[in-house]
Amino acid sequence: MGRGPSILRFDAFSKTVDDARIKTTSGGILTLVCILTTLLLLINEYADYSRIVVRPELVVDRDRQKKLEINLDISFQNIPCDLLTLDIMDQSGDLQLDLLSSGFSKIRLDRQQNEIGQEDMNVNHETKLVSEDPQYCGSCYGAVDQGNNDNLPQDQKICCNSCESVRQAYARVAWKFYDGKDIDQCEKEGYVQRVNDRLDEGCRVRGVAEIARIGGNLHFAPGNSMNHRDKHIHDLSLYDKHPEKFNFDHTINHFSFGLDDHSVADYKTTHPLDQTSHKNGKKYQVYSYFLKVVNTRYEFLNGKKVETNQFSATEHDRPFRGGRDDDHPNTIHAQGGLPGVFFHFEISPLKIINREQYNKTWSAFALGACAAIGGVLTVFSLLDRTIWAANRLLKDKKDI
């Protein structure tokens, strides 16, 4: 106990009796360990105090009347832009005609997925096109009754003055349009030649839609869409005409709801479908994504607030013909529907508020620091007393 006098001065455990004034080597060692332990605990306590955490709060969504944005960027490797149609419907079955916020663009892709051209995309919107000749009244080829045109003034006649207007007329009566061959308007506009020249191309669709905050679906399908006998159908005539061409292999480059702010880095909940791909080469395949959307607000320490949406996604695909699954014989798929890619979304009535906060308050940090110091001193004081008593006992036995 007498060796190492340089370490004796570190003994902080004063004795209440005469021997308490004795400084020991073990007491000095314990004091150094006590100081080191206290510093480590204080550093850990400060790190815990300064750590930023996100605390969620679940409330009723009061923004139900606001519009919801859908941001999408999807590439289809084996279907041309002229054949691809995008429809968005709500749960009531209504098509929303005024849903475009910044619009959609169709980007033509070659077989190597290189971009070779870009066009605007109309979504559920009939563009009125007229001939340059004010007296011209094009035939609708029986899709519309034009028998009374001779008795009407020019501005009241029912005319199909463009290939698009003929196509829309065919859609209203659920006639097969194919590629518009032998239709005078389509031949003159070069539509037939353009469609047939692009049969081996792909298409990338990119844009933003704005919809009401109710559930519904967004889907890509071939051919012009129409409502016939209370059913939403598509003209698959051109899609069926080429058995060896076309399929809905696709890559979801980006899909999100609401403000697309990249300061929110939780991509697992705000962008779970990004870079999702399906490439099986099957022509008549239905790809479905079932999305559960929750309105979300992020509140940062610097006062910034970001309104966005989190959503979960469940994927499912099945053959158009239905029947037993080749990989899972016990599973029997439903029959019918449309070949294409469908996004079915449900909007939650609740809202999540994620607030950035420090993990502890200043008072909690001070209380934790005091508890750490007091606890360490108490434990090491008891340990020193125990070692001192043991040494005294051993010494007394030797003296006997």
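One line per residue, one yes/no per condition, for (1) of a type in the set (Phe, Trp, Tyr); (2) assigned to a strand (DSSP E or B); (3) modelled with pLDDT of 90 or more:
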site	(1), (2), (3)
Thr269	no, no, no
Ser277	no, yes, yes
Lys282	no, no, no
Tyr287	yes, yes, yes
Val293	no, yes, yes
Leu301	no, no, no
Phe311	yes, yes, yes
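Please pick out the residue among Gln91, Gln77, Gln65 that is under 22 Å from the mean Cα position of the chain (by Cα), assigned by TED's automatic domain parsing to the domain that holds Glu115 and modelled with pLDDT of 85 or more. Let's see the steps before the verdict.
On the way: Gln91 fails: modelled with pLDDT of 85 or more; Gln65 fails: modelled with pLDDT of 85 or more.
Only one candidate passes the filter, namely Gln77.
Can you give me the number of residues within segment 301-310 that are within 15 Å of the chain's Cα centre (by Cα) and surrounded by fewer than 19 Cβ atoms within 10 Å (Cβ to Cβ)?
Let us first name the residues in segment 301-310 that are within 15 Å of the chain's Cα centre (by Cα), namely 307-310.
Filter once more, keeping what is surrounded by fewer than 19 Cβ atoms within 10 Å (Cβ to Cβ): 307.
Summing the residues that are within 15 Å of the chain's Cα centre (by Cα) and surrounded by fewer than 19 Cβ atoms within 10 Å (Cβ to Cβ) in segment 301-310 gives 1.
Can you find even one residue in segment 26-39 that is under 16 Å from Arg392 (Cα atoms), touching a helix residue (DSSP H, G or I) at 6+ places or on another chain (Cβ under 8 Å), modelled with pLDDT under 85 and surrounded by 12 or more Cβ atoms within 10 Å (Cβ to Cβ)? Working first, answer last.
Filtering segment 26-39 down to residues under 16 Å from Arg392 (Cα atoms) leaves 26-27.
Still in the list and also touching a helix residue (DSSP H, G or I) at 6+ places or on another chain (Cβ under 8 Å): 26-27.
Still in the list and also modelled with pLDDT under 85: 26-27.
Those left that are additionally surrounded by 12 or more Cβ atoms within 10 Å (Cβ to Cβ): 26-27.
Yes; the residues of segment 26-39 include at least one that is under 16 Å from Arg392 (Cα atoms), touching a helix residue (DSSP H, G or I) at 6+ places or on another chain (Cβ under 8 Å), modelled with pLDDT under 85 and surrounded by 12 or more Cβ atoms within 10 Å (Cβ to Cβ).
Out of all the residues in segment 372-394, which are touching an Asp or Glu at 6+ places or on another chain (Cβ under 9 Å), farther than 14 Å from Thr31 by Cβ and among the hydrophobic types (A, V, I, L, M, F, W, C)? Let's see the steps before the verdict.
Just the residues of segment 372-394 that are touching an Asp or Glu at 6+ places or on another chain (Cβ under 9 Å), to begin with: 372, 384, 388, 392.
Imposing the further condition that a residue be farther than 14 Å from Thr31 by Cβ reduces the set to 372, 392.
Ala372, the sole residue that qualifies.
Collect the residues in segment 365-400 that are closer than 12 Å to Thr38 by Cβ, among the hydrophobic types (A, V, I, L, M, F, W, C) and free of Cβ contacts under 8 Å to residues at least 60 places away in the same chain, keeping them in residue-number order.
Scanning segment 365-400 gives Cys370, Ala371, Val379.
Kindly establish whether Leu218 is at pLDDT 85 or above and under 21 Å from the mean Cα position of the chain (by Cα). Working first, answer last.
Values: at pLDDT 85 or above: yes; under 21 Å from the mean Cα position of the chain (by Cα): yes.
So Leu218 passes the test.
Which one of Asn151, Asn114 is at pLDDT 75 or above, surrounded by fewer than 16 Cβ atoms within 10 Å (Cβ to Cβ) and over 30 Å from Ile70 (Cα atoms)? Talk me through it step by step, then tell me what you get.
Values: Asn114 fails: over 30 Å from Ile70 (Cα atoms).
Among Asn151, Asn114, only Asn151 is at pLDDT 75 or above, surrounded by fewer than 16 Cβ atoms within 10 Å (Cβ to Cβ) and over 30 Å from Ile70 (Cα atoms).
State which residue is surrounded by the fewest Cβ atoms within 10 Å (Cβ to Cβ) when the search covers only segment 193-210 and only residues that are more than 16 Å from the chain's Cα centre (by Cα) and of a type in the set (A, V, I, L, M, F, W, C). Talk me through it step by step, then tell me what you get.
Filtering segment 193-210 for residues more than 16 Å from the chain's Cα centre (by Cα) gives 193-205.
When the remaining residues are screened for being of a type in the set (A, V, I, L, M, F, W, C), the result is 195, 199, 203, 205.
Numbers: Val195: 19, Leu199: 16, Cys203: 24, Val205: 21.
The selected residue is Leu199.
Which residues, taken from segment 40-82, are small (Gly, Ala, Ser) and surrounded by 12 or more Cβ atoms within 10 Å (Cβ to Cβ)? Give the derivation first.
Residues of segment 40-82 that are small (Gly, Ala, Ser), as a first pass: 47, 50, 75.
Scanning segment 40-82 gives a single hit, Ser75.
Restricting the search to segment 158-179, which residues are surrounded by fewer than 16 Cβ atoms within 10 Å (Cβ to Cβ) and either over 23 Å from His232 (Cβ atoms) or touching a Phe, Trp or Tyr at 6+ places or on another chain (Cβ under 7 Å) (or both)?
The answer is Ile158, and nothing else.
Here is a list of conditions, (1) modelled with pLDDT of 90 or more; (2) under 21 Å from Leu350 (Cα atoms); (3) in a loop (DSSP other than H, G, I, E, B), and Asp260 meets all of them except one; can you say which number that is?
Status for Asp260: all satisfied but (1).
Touching a helix residue (DSSP H, G or I) at 6+ places or on another chain (Cβ under 8 Å) and of a type in the set (Phe, Trp, Tyr): does that describe Phe177?
Working: touching a helix residue (DSSP H, G or I) at 6+ places or on another chain (Cβ under 8 Å): yes; of a type in the set (Phe, Trp, Tyr): yes.
Spelling it out, Phe177 is indeed touching a helix residue (DSSP H, G or I) at 6+ places or on another chain (Cβ under 8 Å) and of a type in the set (Phe, Trp, Tyr).
Name the residue, out of Tyr298, Tyr287, that is crowded, with 17+ Cβ neighbours inside 10 Å, of a type outside the set (S, T, N, Q), within 30 Å of Asp61 (Cβ to Cβ) and out of contact with any Ser or Thr (no Cβ under 9 Å at 6 or more places or on another chain).
Values: Tyr298 fails: out of contact with any Ser or Thr (no Cβ under 9 Å at 6 or more places or on another chain).
Result: Tyr287 is the single residue among Tyr298, Tyr287 that is crowded, with 17+ Cβ neighbours inside 10 Å, of a type outside the set (S, T, N, Q), within 30 Å of Asp61 (Cβ to Cβ) and out of contact with any Ser or Thr (no Cβ under 9 Å at 6 or more places or on another chain).
The values are calculated or read from the model by the stated rules, or taken from the named source; none is laboratory data. Given the structure is predicted, the values throughout are model-derived calculations rather than measurements. Because the Cβ atoms are built from the backbone with ideal geometry, glycine has one as well, and the counts that use them run over all protein chains shown.
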